[in-house]
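Since the structure comes first, as structure tokens, the remarks are kept for the end.
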Amino acid sequence: MASQIEVEALKQSFQEALESTRDIAALDVLEQEYFSRASGKLTLLMKGLGALTPDERKVHGQMLNALKNELFEELGNKRVMLEGKTMSDIAIAEAIDVTQPVEFPPGFGHMHPVTRARWDMEEVARSMGFLVEDGPELETDYYNFTAVNIPPTHPARDSMDTFYVKDHPHWVMRTHVSNMQVRLLKKYGAPIRAAYPGRCFRNEATDARHEHTFYQFETIVVDRQITFSDMVGVIKALLSGLFKKDVKVRFRPKFYPFVEPGVNGEMTCMLCDGRGCKVCKGTGWLEIFGAGLVHPHVLREGGLNPREWTGFAFGMGLSRLVMLKYGIEDTRLLQSGDMRFLEQF
Ligand code: PHE
């Protein structure tokens, strides 16, 4: 049985040896000398426990175990020191980078189809030098109507009935993103090229083709000698960018108070390639935007002289475009939050 003195002596000789160890190789030798399973000095002491009575074994076993743990820890500390690692090196090596991107399990989430379409169109717009701007959904009736040539008594206000805010008679949920026209002209002046997608609201009885909440994508360009054909080029580029194929457009006169002349624009039905189908009601054409040359009143309201500046604006039904792109038959699905629908994109 190892006496207390023997144990102390072993401990001391180990610590002295450890103290004078200068490299990893020597440390490995020391480790073997004390801890090797067959003939380590400490191992042999432990083996001696077998010859003791149970009571003795308990006392000595505890003592030797404590010693083993102590020496082993000292050995480990020395190893860290010799390897030239500091505690902070170890902390760094073992740290978890909480900013590292994680691969989420499939089905975790993704962009809404309206967002994806909007991004596609924004990218085309930016490539043509357009600013992309965001605007307020809760708007004053001045910017939503009056500024774009729809004065308080104008009948066009009836066709764009919307949600009003109690106790705020001059606030409305914007009925179109054209509320941005005069805001942008005032903010940036001319020349200007801007695109402004966004959410709009109307007091609609909802059905498969009508929603009280929907998205539009509009642009305005004001410069010197802007013509109708400049606008046609931009419209075609945006639609071709979204549908990833060449798109034909056609125009028919239509009244909008904020443009003159104003048109209603159609594109070839991409579901039947213009041959005629249920969606385009056999015409081969789909109505998807309103457009025209910016009305002089609007330019003036934006602080510009209509004799000096000309421009165009067109607004597309973004929800409508998304429905056409993905063959969605009911517009209400876009706002439904229904996972069975959303997971298909
Ligand atoms: N703001 C119109 C609408 O919501 C669309 C439009 C925009 C028409 C720009 C002409 C010019 O119906």
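The values are calculated or read from the model by the stated rules, or taken from the named source; none is laboratory data. What you are looking at is a predicted structure, and each value in this text was computed from that prediction instead of being measured. Virtual Cβ from ideal backbone geometry, glycine too; neighbours counted across all protein chains shown. All accessible areas refer to the heavy atoms of the entire protein, side chains included, with ligands and DNA or RNA removed. Shrake-Rupley method; radii C 1.70, N 1.55, O 1.52, S 1.80 Å.
General observations
- Residue in region 162-179 that is nearest to the chain's Cα centre (by Cα), counting only those that are exposed (fewer than 13 other Cβ atoms within 10 Å of the Cβ) and in a loop (DSSP other than H, G, I, E, B): LYS166
- Contacts under 9 angstrom Cβ, first residue in region 103-132 being closer than 17 Å to ARG193 by Cα, partner of a type in the set (S, T, N, Q) and assigned to a loop (DSSP other than H, G, I, E, B), 6 or more apart: none
- Residue match in region 255-277 (condition: under 20 Å from LEU184 (Cβ atoms), in contact with a helix residue (DSSP H, G or I) (Cβ under 6 Å, 6 or more places away or on another chain) and modelled with pLDDT of 90 or more): yes
- From the options VAL124, VAL182, residue that is open to solvent by less than 50 Å² (accessible area, probe 1.4 Å), more than 16 Å from the ligand (Cβ to nearest atom) and not aromatic (Phe, Trp, Tyr): VAL124
- A single member of LEU71, LEU42, LEU52 is out of contact with any Phe, Trp or Tyr (no Cβ under 8 Å at 6 or more places or on another chain) and open to solvent by less than 40 Å² (accessible area, probe 1.4 Å), and it is LEU52.
- So ASP167, is it in the same structural domain as LEU333 (by TED's automatic domain parsing), free of Cβ contacts under 8 Å to residues at least 24 places away in the same chain and within 14 Å of the ligand (Cβ to nearest atom): no
Quick grid of which residues meet (1) within 13 Å of ALA313 (Cα to Cα); (2) more than 13 Å from the ligand (Cβ to nearest atom):
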| site | (1), (2) |
| --- | --- |
| PHE163 | no, yes |
| ARG174 | no, no |
| GLU204 | no, no |
| ARG209 | no, yes |
| THR219 | yes, no |
| GLN225 | no, yes |
| VAL232 | yes, yes |
| LEU242 | no, yes |
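- Within region 252-267, the set of residues being open to solvent by 30 Å² or more (accessible area, probe 1.4 Å) and either more than 11 Å from the ligand (Cβ to nearest atom) or basic (Lys, Arg) (or both) comprises ARG252, PRO253, LYS254.
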